[in-house]
Amino acid sequence: MGKPFITAKTPALVTLEPGLFAWCSCGKSNTQPFCDGSHNGTKFIPVLFKLAEKQEAWLCQCKQSKTPPYCDGTHKSL
Ligand code: FES
């Protein structure tokens, strides 16, 4: 599997309502940091995550985080 496209070398701060989300892992989505189906035809799959409560989160956009969908600071070394 090739490397994901680096969308940005900074995370996205988002406020999320309770629900199910799909984080883009390929880096090609036009609705970052969320999946828009652009991974179709590749070996990348979105990371699904569910929130029970409203939450602010820093979501990874460099697509290199070891704790996706959340930023772990890896972007600082890119
Ligand atoms: S934006 Fe990817 S680890 Fe921070």
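The values are calculated or read from the model by the stated rules, or taken from the named source; none is laboratory data. These figures come from a predicted structure and were not determined experimentally. So basically every Cβ, Gly included, is an ideal-geometry build from the backbone, and we count neighbours across all protein chains shown. Remember, those area values only see protein heavy atoms, side chains included, never the ligands or the DNA or RNA. Shrake-Rupley method; radii C 1.70, N 1.55, O 1.52, S 1.80 Å.
Summary of computed values
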{"item": "Segment 5-78, accessible surface, carbon-and-sulfur percent (1.4 angstrom probe)", "result": "56"}
{"item": "Using θ = phi - 60° and Karplus 6.51 cos²θ - 1.76 cosθ + 1.60, couplings along segment 62-70 (whole Hz; Gly, Pro as x)", "result": "7, 6, 10, 4, 7, 10, x, x, 8"}
{"item": "Projected area averaged over orientations for the chain, convex hull of C-alpha atoms, nm²", "result": "4.8"}
{"item": "Lysines with Cα under 27 Å of residue 43, excluding same-chain neighbours fewer than 8 positions away", "result": "3, 9, 28, 63, 66, 76"}
{"item": "Heavy-atom surface of the chain, accessible at 1.4 Å and reported per residue (Å²)", "result": "62"}
{"item": "The chain, dipole about Cα centre (Lys/Arg Cβ +1, Asp/Glu Cβ -1), debye to the nearest 20", "result": "360"}
